[in-house]
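> I have a structure I would like to understand better, so I am pasting it below and will then ask my questions one at a time.
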Amino acid sequence: MNGSEAVPPSASLPAAPTLRVENLSVYLRSPAGEVQVVRDVSFTIGAGEAVGMVGESGSGKSVTGLALMRLLDPAKTRVEGRAYLGGRDILALPEREMRAVRGREMSMVFQESATALDPVFTVGTQLVETIRAHRDVSVKQARLRAIELLDAVGIAMPARRFGEYPHQMSGGMKQRVMIAMALACDPDLIIADEPTTAVDVTIQAQILDLLGRLSRERGVAILFITHDLGVVAEFCSRALTMYAGEVVEVADVAGLLAAPAHPYTAGLIRAIPRADDKGRDLYEIRGTVPSPTEMPGGCRFRPRCDHAGDVCGNEQALVTIASERKVRCVRSSEIEFEGVG
Ligand SMILES: Nc1ncnc2c1ncn2[C@@H]1O[C@H](COP(=O)(O)OP(=O)(O)OP(=O)(O)O)[C@@H](O)[C@H]1O
Ligand code: SF4
Ligand SMILES: [Mg+2]
């Protein structure tokens, strides 16, 4: 955890979720055939709710976000499943209609913000273009809105910064510009993919605070993708643990941290750095996430799991174990897990 004090969004769940994802699967096409990288992912996010999606590198988090935004190249990927936003299945919309949804109803803050901005244009020009792509406003009105947005994301002297190029800005500032872009048209849903990875702890706290405020004040639903459970603990009310393309645990964040139900989540929790770790080696889950082309049969976490037994050689289903709690581990109830807090 980073010791910052970001205020989490509202923990209460409204009746109708802003986003409902059902059985999302993503396949990458290759000359050797299709490889599945995301398998049967289902979840909901309510208005004003932030849901964390956590897992190590290669677990399928970004691919899930990009699939929901419909930003994966259809020549190289195939997406299955349904994703309802405002009552419509956005995975089934014609591309022309999806272009209107993207930006206006949902937007994404990308993992690599610095590269997402065009170095050739000022940030102001890029913001004005984004606004005018979705709203019927004059250049002058869009310019005022852009400056207002730069101010809203905490950029000092926004009118001056409006005329600057990305290379004149720090990483933290560019990340805020990306958030301003994502907010340009008041979306109902923001997919934030590692929005604070490339910035220092102070800026991270400010960005989390900003996203939290948006969520509470404007009711924006947020899918917060991260490898950092500490950030999820501060910012989200519910979390999904992803492993090797699958959801392996779903829980409210407090419950997840205090009493994880999947050995992988428990490993991620053990790996969170703590103040009393000084002088001790940080815990690491042994081994690595398997490549999609070499996925083990049965439980995908089995080669790395300290609790694996014969029964783990079978396919594992995501089972509901309590209200709002699901786990993909047949041995979950037999294992004594260590949580925090
Ligand atoms: N364009 C692509 N071509 C081939 N494989 C890809 C492509 N994009 C992603 N993958 C594979 O899909 C899997 C999931 O990748 P993804 O980028 O979603 O992981 P992630 O959880 O976001 O990881 P990170 O924490 O590193 O961002 C990985 O095995 C990755 O190698
Ligand atoms: S099913 Fe078995 S191998 Fe998989 S996480 Fe549970 S105990 Fe470990
Ligand atoms: Mg990623």
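The values are calculated or read from the model by the stated rules, or taken from the named source; none is laboratory data. Worth saying up front: this structure is predicted, and the values here are computed from it rather than measured. FYI the Cβ positions are ideal-geometry reconstructions off the backbone, even for glycines, and counts take in every protein chain you see. Accessible surface is based on the protein model in full, side chains and every heavy atom, while ligands, DNA and RNA are left aside. Shrake-Rupley method; radii C 1.70, N 1.55, O 1.52, S 1.80 Å.
> What base-10 log of the normalised intensity I(q)/I(0) is obtained for segment 207-341 from the Debye formula, alpha carbons as equal point scatterers, at q = 0.14, 0.22 Å⁻¹?
-0.70, -1.41
> Between helix 171-183 and the chain, what is the angle of the helix's C-alpha long axis to the longest principal axis, kept within 0 to 90° and rounded to the nearest 10?
So the helix axis and the longest Cα principal axis differ by about 80 degrees.
> Just Tyr283, Tyr264, Tyr243 to compare: in a GNM of the chain, with alpha carbon springs under 10 Å, which one fluctuates most?
Tyr283
> Which cross-chain or sequence-distant (5 or more) residues have an amide H under 5 Å from the amide H of Val199, H modelled 1.01 Å from N in plane?
Counting only residues 5 or more places away or on other chains, the set is empty.
> From the phi of every residue in segment 230-237, what ³J(HN,Hα) in whole Hz does the Karplus formula 6.51 cos²θ - 1.76 cosθ + 1.60 yield, where θ is phi - 60° and glycine or proline is x?
Using θ = phi - 60°, the values come out as x, 5, 4, 4, 7, 10, 10, 9 Hz.
> Non-local amide H neighbours of Gly52 (under 5 Å, H modeled in plane, Pro and chain starts lacking H): which ones?
Phe224, Ser237, Arg238, Ala239, Leu240
> What residue among Phe121, Met178, Ala142 has its Cα farthest toward the positive end of the dipole of segment 111-186, where the charges are +1 on Lys, Arg and -1 on Asp, Glu, each on the Cβ?
About the Cα centre, the residue reaching furthest to the positive side is Ala142.
> Could you give me the ³J(HN,Hα) list for segment 294-309, computed from phi with Karplus coefficients 6.51, -1.76, 1.60 and θ = phi - 60°, whole Hz, x at Gly and Pro?
10, 6, x, x, x, 5, 5, 8, 3, x, 10, 8, 6, 10, 4, x
> Something else about it: Using DSSP, restrict attention to beta bridges with both residues in the chain and report what percent are antiparallel, rounded to the nearest 5.
Here the antiparallel bridges make up roughly 60 percent for the chain.
> Over the chain, what is the relative contact order in percent, taking alpha-carbon pairs closer than 8 angstrom and at least six residues apart?
Result for the chain is 22 percent.
> Would you mind getting the accessible area per residue of the chain, heavy atoms of the protein chains only, 1.4 Å probe, in Å²?
So the chain comes to 46 Å² accessible per residue, rounded to a whole number.
> Further, regarding this structure: Highest GNM mean-square fluctuation, the chain, Cα pairs closer than 10 Å: which of Asp186, Asp276, Asp252?
The residue that fluctuates most here is Asp276.
> Dividing the Cα convex hull volume of the chain by residue count, how many Å³ per residue is that?
Dividing the Cα hull volume of the chain by its residues yields 148 Å³.
> Kindly state, to the nearest 0.05, the FRET efficiency for Glu338 paired with Arg88, given R0 = 41 Å and r defined as their beta-carbon distance.
Given R0 = 41 Å and the Cβ-Cβ separation, E is 0.40.
> Kindly report, to the nearest 10 Å², the accessible surface of Ser170 as traced by a 1.4 Å probe over protein heavy atoms only.
60 Å²
> Can you send over the solvent-accessible area of Lys76, 1.4 Å probe, protein chains only, in Å² to the nearest 10?
Probe radius 1.4 Å; accessible area of Lys76 about 130 Å².
> How would segment 63-218 be classified by its alpha-carbon gyration tensor: rounded, prolate or oblate, with rounded meaning a/c under 1.5 and the a/b versus b/c comparison settling the rest?
Note, shape of segment 63-218 comes out prolate.
> Also, I was wondering about something else. From the protein chains alone at 1.4 Å, what is the descending order of accessible area for Thr130, Thr265, largest first?
Ranked from most to least accessible, the order is Thr130, Thr265.
> How far, in nm, would the chain grow between Arg99 and Glu148 when pulled straight, counting 0.36 nm per residue and subtracting the alpha carbon separation?
In short, 15.2 nm is gained.
> I need the peptides 213-225, 299-311 ranked by packing, meaning the mean over residues of other C-beta atoms within 10 angstrom, with the highest value on top.
Ranked from most to least packed, the peptides come out as 213-225, 299-311.
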